[in-house]
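Read the structure below first, then the notes.
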Amino acid sequence: MSGYHDAYAHWQKDPHGFWADAARDVSWFRTWDNVFDPQSGPYGRWFPNALCNTCYNCLDVHVEAGRGDTLALIYDSPVTGTLRTFTYAELTQEVATLAAALQQADVGKGDRVVIYMPMVPEAVIAMLACARIGAIHSVVFGGFAAAELAARIDDARPKAILSASCGIEGARIVPYKPLLDAAIAAAAHKPAFCVVLERPEAPCTLTEGRDHAWSDFTAAARAPGSLAPCVPVLSTDPLYILYTSGTTGRPKGVVRDNGGHMVALKWTMRNHYGIAPGEVFWAASDVGWVVGHSYICYAPLLHGATTVLYEGKPVGTPDAGAFWRVASQHKVAALFTAPTAIRAIRQVDPEGRLLHNYDLSALRTLFLAGERTDPETIRWAEAQLKVPVVDHWWQTETGWVIAGNPVGLGLLPVKPGSPTVAMPGYDIRTLDADGHEVPVGETGTLAVKLPLPPGCLPTLWNNDERFVEAYLSPLPGYYTTSDAGYIDADGYVFVMARTDDVINVAGHRLSTGQMEEVVAAHPDIAECAVVGIADDIKGQVPIAIVVLTAGVDRPLTEIEGEVVHLIRDRIGPVAALKRVIVAQRLPKTRSGKILRGTMRRMASGELAPTPATIEDPAVLNEIADIFATSGLAPSARAPR
Ligand code: COA
Ligand code: AMP
């Protein structure tokens, strides 16, 4: 019998009491006035006026409790052939040293620090060092291009940027320094200084007067033995800003606070993931994404568990047995990754032969998130691993699971295709466009009745207005997730698709609107639409449907190559736009709006009615023909 229903009922009956109980698991320097203040912030704030420090709870607490020798972090890097471990005592030493160096360089409470780093321990050390001194970090994923980094620099206005000379993508060395330099040159805001980790795989030239080598920078604190103490911050002070894709090219700065975030994440480790302190938890994601923030860095450490930082891929580093090697070698109890990674492994090793080389007896659960897990992937993984495979739904905005299967409280029956049930804290409803609930089993927008639970974004960085406009105004009284789906009679949630212009490519969230802005900048393109089409491995990939400027008569392959290059250059390789197809015209409403949603549904083979407002329905047949002849979306059909 799962304890889930009792836990959810407890939360429903007494939400403040529920979170106050959970908050007892965190060490506070001063407790809160009220558990929740509905008057502050756009929808209220959790644990107002409490004083705490996230780094203290991630590190010092465990050392003080006599667990300094427990392993905190395992860095496993097949791409560099490195294995490094840090106990809690060692990690505290490293973090406090970097924190002291940052303080010496005048970085303090409330200052922003951009972290643009690959999957190396220094990235986690940097995040924790910022948390230690109350600075607000903003980690930027390494797969983004200079222009994206520049946009984040201008929004966050950091005092410092911490970076590295390169990342390593499988066999490819990705030099970061040119991207860093180009981003700083393009940004209006200039950081006071940068610290660059010089990796042997790609030495770089430091910029005089601006850049410090990581080793020199930390030596200034290490030599005299300077260790920064933990600076008390308000529970409601920001811990970090993480930018995520919206419907336009301007990314949204999701703010995470300190107190509520710790309470929520700690609760999930035991109750959702079923992990005990001292066990090994591995989130095979990247510190640049929210999963990496919450489950590589913060949650496992808050819980006194051991976290794995893996610098490699599911396939090719060196083979499709890489995940099983890491899980076996480090006795991983729970593995958390994106379905796309499992599909990539399955494609190379469909029989799971490589799995037989490893002892996975420590592994109890595989958790998947980042995109909907297709039932076939769940069945395959269950058959191979012989452990429960748990899909769970969350967003950068929430920072932790919205709907999941709480293994710690007792596993509920898995319904493939559903991330299972609402977690305590989330009252999920399915609403129509007018904000009315739709009947059980019918599809609508999935929305969360306010307030959001602790850990979720309280607002967007310096932009309450945009937060309200994007998330609260569309359905008054609710937070709109921008995901469409339904809830069945057993309360199982099914998350089917985004309702906006966001697509999910290999577990990476991308904005088609942003890609369109870039494609439209090509001089030979008059107008365009970018839509996601189904892909066996990545779930979705973007394609651009373009109308060429009158008179353009160049080979399409040339234009395609230039567009692909533009996207890589302006957004980054992670956008994965590889195909451009030409149409004579795009379907539009009578008022001239491009019918992107209709094309998106056609590309995924969905049958939808022809929009009543369409200017010329014949265009839809032309687009269906183009999809079919290009071999990109063979199931595409025009709406009727
Ligand atoms: N730095 C620089 N470049 C990066 C990068 C990084 N951190 N991450 C990805 N890229 C590049 C890749 O090298 C690739 O470049 P290419 O077009 O020159 O080959 C491009 O961006 C697209 O990357 P990706 O979408 O990751 O595709 P892939 O073919 O390299 O790998 C998977 C496919 C499925 C193995 C991989 O996407 C994966 O492991 N996904 C899981 C994602 C995840 O963990 N998401 C977090 C949610 S839990
Ligand atoms: P991100 O903010 O990058 O984590 O992406 C969040 C989006 O990914 C959600 O809004 C969903 O569209 C999608 N998503 C994440 N996890 C799931 C899941 N388990 N099932 C369905 N969609 C998911």
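The values are calculated or read from the model by the stated rules, or taken from the named source; none is laboratory data. If you're wondering where the values come from, they're calculated on a predicted model, not measured in any experiment. No Cβ is skipped: glycine too gets one built from the backbone with ideal geometry, and neighbour counts run over all protein chains shown. Just so you know, the surface numbers come from the protein's heavy atoms only, side chains and all, with ligands and any DNA or RNA stripped out. Shrake-Rupley method; radii C 1.70, N 1.55, O 1.52, S 1.80 Å.
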| Which of the following residues is part of a strand (DSSP E or B), under 29 Å from Tyr471 (Cβ atoms) and within 16 Å of ligand 1 (Cβ to nearest atom): Val518, Val580, Val495? | Val495
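Which of the residues that make up the stretch 55-85 are part of a helix (DSSP H, G or I) and under 21 Å from Met119 (Cβ atoms)? First the steps, then the outcome.
Of all residues in the stretch 55-85, those part of a helix (DSSP H, G or I) come to 55-67.
Within the stretch 55-85, Cys55, Cys58, Leu59 qualify.
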| request: Take the stretch 160-177 and flag every residue that is in a strand (DSSP E or B) and of a type in the set (Ser, Thr, Tyr). | output: Ser163
| query | Can you name the condition, by its number, that Ile559 falls short on among (1) assigned to a helix (DSSP H, G or I); (2) within 28 Å of Val315 (Cα to Cα); (3) touching a residue at least 24 places away in the same chain (Cβ under 8 Å)? | reply | (2)
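Out of all the residues in the stretch 525-539, which are open to solvent by 20 Å² or more (accessible area, probe 1.4 Å) and either assigned to a helix (DSSP H, G or I) or not aliphatic (A, V, I, L, M) (or both)? Outline the logic, then answer.
Step one: of the stretch 525-539, the residues open to solvent by 20 Å² or more (accessible area, probe 1.4 Å) are 526-527, 534-539.
Those that are open to solvent by 20 Å² or more (accessible area, probe 1.4 Å) and either assigned to a helix (DSSP H, G or I) or not aliphatic (A, V, I, L, M) (or both): Glu527, Asp535, Asp536, Lys538, Gly539.
So that you can scan it fast, the table gives a plain yes or no per residue for (1) more than 18 Å from Pro42 (Cβ to Cβ); (2) more than 29 Å from the chain's Cα centre (by Cα); (3) in contact (Cβ under 8 Å) with a residue 40 or more places away in the chain:
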| position | (1), (2), (3) |
| --- | --- |
| Pro200 | yes, no, no |
| Arg222 | yes, yes, yes |
| Val231 | yes, no, yes |
| Asp237 | no, no, yes |
| Tyr243 | yes, no, yes |
| query | Any residue in the stretch 11-28 that is touching an Asp or Glu at 6+ places or on another chain (Cβ under 8 Å), basic (Lys, Arg) and modelled with pLDDT of 95 or more? | reply | no
| request: Check Thr377, Thr396 and return the single one that is of a type in the set (Val, Ile, Thr) and either free of Cβ contacts under 8 Å to residues at least 12 places away in the same chain or in a helix (DSSP H, G or I) (or both). | output: Thr377
| task | Within the stretch 349-357, identify whether any single residue is within 29 Å of Pro453 (Cβ to Cβ) and away from ligand 2 (no atom under 16 Å from the Cβ), and answer yes or no. | result | no
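Regarding Leu360, is this residue touching a residue at least 24 places away in the same chain (Cβ under 8 Å), within 27 Å of Trp19 (Cβ to Cβ) and open to solvent by 10 Å² or more (accessible area, probe 1.4 Å)? Explain how you work it out, then say what you get.
Working: touching a residue at least 24 places away in the same chain (Cβ under 8 Å): yes; within 27 Å of Trp19 (Cβ to Cβ): no; open to solvent by 10 Å² or more (accessible area, probe 1.4 Å): yes.
So Leu360 does not fit the description; no.
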| query | How many residues are open to solvent by less than 30 Å² (accessible area, probe 1.4 Å) and either within 16 Å of ligand 1 (Cβ to nearest atom) or of a type in the set (Gly, Ala, Ser) (or both) when one looks only at the stretch 348-357? | reply | 2
| Restricting attention to the stretch 55-66, does a residue exist that is at pLDDT 95 or above, more than 20 Å from Ala164 (Cα to Cα), open to solvent by 10 Å² or more (accessible area, probe 1.4 Å) and in contact with a strand residue (DSSP E or B) (Cβ under 7 Å, 6 or more places away or on another chain)? | no
| message | Take Ala182 and tell me if it is within 17 Å of Ala126 (Cβ to Cβ), open to solvent by less than 60 Å² (accessible area, probe 1.4 Å), of a type outside the set (S, T, N, Q) and assigned to a helix (DSSP H, G or I). | response | no
| Considering only the stretch 262-278, how many residues are away from ligand 1 (no atom under 16 Å from the Cβ), closer than 22 Å to Ala362 by Cβ and open to solvent by less than 10 Å² (accessible area, probe 1.4 Å)? | 2
| task | Return yes or no: is Ala105 under 19 Å from the mean Cα position of the chain (by Cα) and among the hydrophobic types (A, V, I, L, M, F, W, C)? | result | no
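Just checking, which of Val619, Val580 is touching a Leu at 6+ places or on another chain (Cβ under 8 Å), closer than 20 Å to Asp501 by Cα and open to solvent by less than 40 Å² (accessible area, probe 1.4 Å)?
When all the criteria are applied, what remains is Val580.
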| said: What's the number of the only condition in (1) surrounded by 14 or more Cβ atoms within 10 Å (Cβ to Cβ); (2) within 16 Å of ligand 1 (Cβ to nearest atom); (3) of a type outside the set (Val, Ile, Thr) that Arg596 fails to meet? | reply: (2)
| field | Failed item, numbered, when Gly417 is tested on (1) within 14 Å of ligand 1 (Cβ to nearest atom); (2) in contact with a Lys or Arg (Cβ under 8 Å, 6 or more places away or on another chain); (3) within 20 Å of Tyr486 (Cα to Cα) | value | (1)
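Can you tell me which residue within the stretch 367-390, out of those that are under 30 Å from Pro458 (Cα atoms) and open to solvent by less than 10 Å² (accessible area, probe 1.4 Å), is farthest from ligand 1 (Cβ to nearest atom)? Quick ask: steps written out before the conclusion?
Taking the stretch 367-390 as the starting set, the residues that turn out to be under 30 Å from Pro458 (Cα atoms) are 367-373, 390.
Cutting the leftovers down to open to solvent by less than 10 Å² (accessible area, probe 1.4 Å) gives us 367-369, 373, 390.
Working: Phe367: 9, Leu368: 8, Ala369: 6, Thr373: 11, Val390: 13 Å.
Only one residue fits best here, namely Val390.
Report, by residue number, each residue of the stretch 105-142 that is touching a Pro at 6+ places or on another chain (Cβ under 6 Å) and open to solvent by 10 Å² or more (accessible area, probe 1.4 Å).
As a first pass, look at the stretch 105-142 and keep what is touching a Pro at 6+ places or on another chain (Cβ under 6 Å): 112-114, 136, 142.
Passing the criteria: Arg112, Gly142.
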| field | Any chance Gly259 is at negative phi, away from ligand 2 (no atom under 16 Å from the Cβ) and either open to solvent by less than 10 Å² (accessible area, probe 1.4 Å) or not assigned by TED's automatic domain parsing to the domain that holds Ala65 (or both) | value | yes
| said: Take the residues in the stretch 397-409 that are open to solvent by less than 20 Å² (accessible area, probe 1.4 Å) and of a type outside the set (A, V, I, L, M, F, W, C); name whichever of them is nearest to Gly253 (Cα to Cα). | reply: Glu397
| request: Tell me, please, whether a residue that is touching a strand residue (DSSP E or B) at 6+ places or on another chain (Cβ under 8 Å) and more than 16 Å from ligand 1 (Cβ to nearest atom) can be found in the stretch 279-291. | output: yes
| said: Every residue in the stretch 302-352 that is within 20 Å of the chain's Cα centre (by Cα), of a type in the set (Lys, Arg) and closer than 22 Å to His392 by Cβ, please. | reply: Arg343
